[in-house]
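A quick write-up on the structure given underneath.
The values are calculated or read from the model by the stated rules, or taken from the named source; none is laboratory data. These numbers were taken from a predicted model, which means no experiment stands behind them. Reconstructed Cβ throughout: ideal geometry from the backbone, glycine too, with neighbour counts over all protein chains shown. Each accessible area value is taken on the protein alone, full model and side chains, heavy atoms only, with ligands, DNA and RNA left out. Shrake-Rupley method; radii C 1.70, N 1.55, O 1.52, S 1.80 Å.
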Amino acid sequence: MNKPEPPSSNPPDMEEPDSLEIDRLIALARRGDETAFGQVVQVYYNRVYNVIYRVVNHAEDARELSQAAWVKAWQRLADYKEEARFYTWVYRIAVNTALDFLRRKKRRPEDPLEPVVRDGAEPIALDTRRELADERTPLDDLHRAEIRAAFDRALLDLSAEHRTALVLRELEGMSYEEIARVMKVRTGTVMSRLFYARKTLQQALGKFL
Amino acid sequence: MKKSELELISRGLDGDLSPDERVRLEALRTREPEARTVERQWTVLGDTLRHDQVAAPDATVAWQDIQRAIRQQAGDAGSASTGGWMVRFRWAAGLAVLVVGTVLGLSAWRVLDGRTPVWVMTDPVESPANRVEWVVAEIPGATTMIYTDTETDMTVIWMDVAQNVDPRDS
């Protein structure tokens, strides 16, 4: 078997915006230009929302927390050190906002099966073997829904910290160092969280793999 | 499989291996069919997470909401600041009312009591000028005279001492 391609630093379907343009907009925003900040928000909004959604697993909470995270980012722009990558800085705010929310609520994310509209709902990697079939049957759809529900449940059974590390790695393609900066932990902790998360998911989803 | 081998696979998926570790992972894959299975399964899990993304709210609409929230919070912060001044002002106003009320109350009480109100008491009171009516000079043969100098309007005490008398003798 060939070695799998190492994940790129940018996940598919996510174009890295022109960093010089982002720097220019950030500089303007730091001088109080709301319009420039709005452009930055629109560049990163979907990615930040998806990370938060995966951490809290609730669409409305994710929308509100995304908003809160961006408001905090605006208020703390003066604290942003330009040597750090802007998205790492924003993700730190977003992840902390989401984790604080979960700690405050002192609950596990609810409604894992809430009806959310997914982008590109068709492909789901766990279902790849069945995608080879030319025609899908109702049984396939049932199977697909079952897999999705099982995947969501397994993800939610992870602690928020393990889930967040996995989301930042797999969804955002962040390096150990970047995840460590976002989560304010050591890179060794990131490594062991990712290992534990994968192992736990594998055990939970064994029959689908 | 050993935990260290599984960790090696996990780090390999994250592209976090040194050249030596890459060689070790390759040897593990060749030696252990289970290592290949675990690697494939973990890859599938990552792909699933990446491809199973939710549709975020429209970013433009979201920005409008964020902008509103920013302005509202700025407004709240401004109100809180103004509110602080208002609170302090209320304290100052209350203190002033207390002082004025106390003075008026005391004055009314004094008036009712047939005495001069407080504020009237602060007016300068005319007092009679000091007058020197007499002077004692214990000097033998000395005479004294008291008069008002017309130019300076000052009281002058004039004393004549008799000749050939030494004041130190007194």
* Between their Cα atoms, which of A:LYS81/A:LYS105; A:LYS184/A:LYS207; A:LYS72/A:LYS105 are more than 28 Å away from each other? -> A:LYS81/A:LYS105; A:LYS184/A:LYS207
* **B:ILE70 accessible area, assembled protein chains, probe 1.4 Å, Å²** => 10
* Structure fact -> Quick calc, segment A:12-87, dipole around Cα centre from Cβ unit charges on Lys, Arg (+) and Asp, Glu (-), nearest 20 debye, gives 260
